[in-house]
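Only one structure is covered here, and it is reproduced in the block below.
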Amino acid sequence: MMAKGGFLSRLGSSNDVEPEVEPMSLPIGKDDMQQRLELLDNFENLQLGWFWATDAKGCLIYLSESAAGALGSDSASLLGRQLTSLFIPDKNDDPEKSERPLPFLISARNSFADLSARINIGDGEAETWWSISGKPQFDDENEFMGYRGGAKDITSVRQRDLDASRLAKFDTLTGLANRHSMEKRLSTTLVAYQAAKRSCALMMLDLDRFKQVNDTLGHPAGDELLKQVAQRLKAIIGEQGIIGRLGGDEFQIMLPDVDDRGKLGDLAHRVIQMVSQPYSIDGSRAIIGTSIGVAIAPYDGLEAGELVSAADLALYAAKGGGRGQFRFYSSDLKDGAKLRKQIEEDLRDALHQDQLELHYQPLILPKTKAPKGFEALMRWNHPEQGWISPGQFIPIAEETSIIADIGEWALMRACRDAKEWPPGTRVAVNVSAVQFANEDFPRIVERALQNSGLEPDRLELEITESVFMGDPHATSRMFKQLKQLGVRLALDDFGTGYSSLGYLRDAPFDKIKIDQSFVRGSTVEGNNNAAIITAVVSLARALNMDTVAEGVESLDELELVTKLGADQIQGFIFSRAIAQEDVLARFESGDLAFDAVGPAKHRADRKTVYRRIGVIHEDHRYSSVMRNVSVTGAMIEGILNIPKGTKLVIDLGEGQLAVATVRRSKDAVQGLEFETPLVSDGADGLCTRHRVSPYSLAAAGMPLAALPPGNYPLVNNQSADGSPTRPMFMELDMKQHKT
């Protein structure tokens, strides 16, 4: 039992050793000593701090009664226990913590001050933390006698510090990691993963039309929208990744140990679809979209800066492709960015130099095979680069003021051309969201009709669902003004992007165009597209609207969409877009029916390319040219008489290896079937799910670096005398790299 009395007298009676007291400049008399002891007792009783002492073995010989009470005990029952048993061992919960743990300091007989330690209360509920200080004591012969020290409760202070630390690491609006935290985490992760030869994917997200929400609904509504976006991202990503908000409407997602581009593409698509669903904010409805760029370490960058730059470049390409899309990084994007800049500059002169043209694709009636009308499609014949795809220059035009001039020109030209067609033949003109948001657009349409003399009901304005992402009241006014002019309205690409049945209820559409993504593959067994087409056709009939099936290319697709009741059919099965003089020639000849010409059955889309590739067979590598490619196969040219059934490895560059079997062979041309289907790169191209890891290449003798462009991984090792040995490719395990 502890003796009653002051701190120093009790400590002396417990140990029979005169405690060490800080010396004063003047001798302390008896009254002064008593006053000091009373002050120390008051200090304990007010719980401003506590005192403790141990013997040479580290066992408690004194502990303030109030400190024992904070531990849920009394001082008598705690005497004789090891001091360190009062504290929970440090698990290094703070990676930036540099303090030595208490047991180490005591065993080394070091002095310590303000050491944070968690108290072992035992109930496991609320955490209690003390700040503890101590100094070793020695006698006149320098023999260690134990410790004397003090402590105080710092639980509330520590919680405030943790809250402040959290504010420094997390975005206060969304609760996601902030830019600084994401940069630090990504850098730390990539350094650790490089040593462990692991992969990490990075997604960069940028919200489309977020500024419009701020402008129309106000900044508080924009803040609420960002919170809801963060919640949706958390629901999609879950525990498989780390989400951060970099600022404004920019988000970042880090996905450790993911390099399957098929899975990443599916995830990016789900994110786009989820983020693009309507939001309810204080009774108002807001619709936005998102674009995503994807880069993967170590393939696209080994360090954080490299990976972020690659993902940014992919994001830029995704936005340039029309928004609401994703892109994987590739080395081609660097050249693509330069080309994009050049296109933007040249496009400004194209209209004035008469380089733009309108071609017309027929909208065919299934029974008569005659055209009900034609859709005007813009073409650009560049004086140096030749024909440039609208998929390249239209998105660029939409991001600049150029689209207003080009759109007005297209409307004027289409109305003028259609006036030369037989009465009743309609012309459909695409209208961008930028044009639609222009308050002067109805007057532009009216002027085009007046200048050409075209009847209003022969003009069809094709509008995509993206127009509904703006102010709903302004959108409704625009529809009303256009219908007052007497023109027809068509909802283009229905079923993609920002689909909502509310559009059909509120907007006065005359036609629904079923997007080609639902037509393609609709005849493949197990595909649900046919059911979707059926539902859209039934819905349109109930609303007294026409339907157009887009992108029909094979006879089995034609038979299906006709059977399902599509009112009009558009696609290569009947005709590509043709020039105005060809349209007039058909009308003059009276040959109005278009014959259906195409393959009997749908097959995976084949993209015509001219691409130099490597073909690897056993220990040899050959150069070849790829003429076309699809998800399931390709046609190559340049190697004579390869037998059917031969197994080859196709080197597509940038670490992409595809195992293929020769299915057709004639002279120097072979048709190949891939063992593992390719996946979409987010654009109009294809890529392998996996790539040969730079770590594997480094193990085979190549310098460790992100994959540069070129053919991989066939380089020659050299023997001691400098002569080449077998190709390095043979040292790589194909199954391991999942090519």
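Some observations on this one:
- Evaluating Thr188 against the criteria (1) surrounded by 15 or more Cβ atoms within 10 Å (Cβ to Cβ); (2) under 30 Å from Ser693 (Cβ atoms) leaves one unmet condition, (1).
- Residue ID - nearest to Ala108 (Cα to Cα), chosen from residues in segment 70-79 that are of a type outside the set (D, E, K, R) and open to solvent by 50 Å² or more (accessible area, probe 1.4 Å): Leu79
- For segment 563-611, a residue qualifies if it is open to solvent by 80 Å² or more (accessible area, probe 1.4 Å), free of Cβ contacts under 8 Å to residues at least 60 places away in the same chain and in a strand (DSSP E or B), and the qualifying residues are Thr608, Tyr610, Arg611.
- Unique match (being touching a Ser or Thr at 6+ places or on another chain (Cβ under 9 Å), modelled with pLDDT of 90 or more and polar (S, T, N, Q)) among Gln568, Gln580: Gln568
- Glu462, sole failed condition from (1) of a type outside the set (Gly, Ala, Ser); (2) open to solvent by 10 Å² or more (accessible area, probe 1.4 Å); (3) modelled with pLDDT of 80 or more: (2)
- The set of residues from segment 518-552 being open to solvent by 60 Å² or more (accessible area, probe 1.4 Å), farther than 18 Å from Asp567 by Cβ and either assigned to a helix (DSSP H, G or I) or of a type in the set (D, E, K, R) (or both) comprises Glu525, Ala531.
- The set of residues in segment 631-640 that are surrounded by 17 or more Cβ atoms within 10 Å (Cβ to Cβ) and either out of contact with any Lys or Arg (no Cβ under 9 Å at 6 or more places or on another chain) or at pLDDT below 90 (or both) contains only Ile639.
- Those residues of segment 230-265 which are more than 30 Å from Gly655 (Cα to Cα), among the aliphatic types (A, V, I, L, M) and in contact (Cβ under 8 Å) with a residue 60 or more places away in the chain, in sequence order: Leu246
- Count of segment 206-257 residues which are closer than 19 Å to Lys184 by Cβ and part of a strand (DSSP E or B): 13
- Enumerated strands (runs of 3 or more DSSP E) restricted to segment 331-404, each holding at least 1 residues that are open to solvent by 20 Å² or more (accessible area, probe 1.4 Å) and without any contact (Cβ under 8 Å) to a residue 24 or more places away in the chain: 386-388
- Pick from segment 493-515, criterion at pLDDT 75 or above and among the acidic types (Asp, Glu), ranking: least open to solvent (accessible area, probe 1.4 Å): Asp515
- Leu592 under 22 Å from Tyr360 (Cα atoms) and not β-branched (Val, Ile, Thr): yes
- Scan of segment 685-717 for residues that are among the β-branched types (Val, Ile, Thr), out of contact with any Phe, Trp or Tyr (no Cβ under 8 Å at 6 or more places or on another chain) and modelled with pLDDT of 75 or more, ordered by number: Thr688
- Meets criteria (in contact with a strand residue (DSSP E or B) (Cβ under 6 Å, 6 or more places away or on another chain), at pLDDT below 95 and buried (at least 16 other Cβ atoms within 10 Å of the Cβ)) for Arg627: yes
- Residues within segment 454-465 that are under 12 Å from Pro423 (Cβ atoms) and not basic (Lys, Arg), tallied: 3
- Summed over segment 558-576, residues that are small (Gly, Ala, Ser) and touching a Lys or Arg at 6+ places or on another chain (Cβ under 9 Å) total 1.
- Comparison of Ala286, Ala201 shows that the only residue that is among the small types (Gly, Ala, Ser), under 26 Å from Lys184 (Cα atoms) and crowded, with 21+ Cβ neighbours inside 10 Å is Ala201.
- Counted residues, segment 289-317 - those being open to solvent by 50 Å² or more (accessible area, probe 1.4 Å) and in contact (Cβ under 8 Å) with a residue 60 or more places away in the chain: 3
- Tallying residues that are open to solvent by 60 Å² or more (accessible area, probe 1.4 Å), in a helix (DSSP H, G or I) and at pLDDT 95 or above within segment 414-437 yields 1.
- In segment 440-459, the condition of being open to solvent by 30 Å² or more (accessible area, probe 1.4 Å), among the polar types (S, T, N, Q) and under 36 Å from the mean Cα position of the chain (by Cα) is met by no residue.
- Test for Val662: is it open to solvent by less than 40 Å² (accessible area, probe 1.4 Å), of a type in the set (A, V, I, L, M) and at pLDDT 90 or above: yes
The values are calculated or read from the model by the stated rules, or taken from the named source; none is laboratory data. The model shown is predicted, which means the values in this text are computed figures rather than measured ones. Quick reminder, even Gly has a Cβ in these numbers, built from the backbone with ideal geometry, and neighbours come from all protein chains shown. Surface areas here come from the heavy atoms of the whole protein model, side chains and all, with no ligands, DNA or RNA. Shrake-Rupley method; radii C 1.70, N 1.55, O 1.52, S 1.80 Å.
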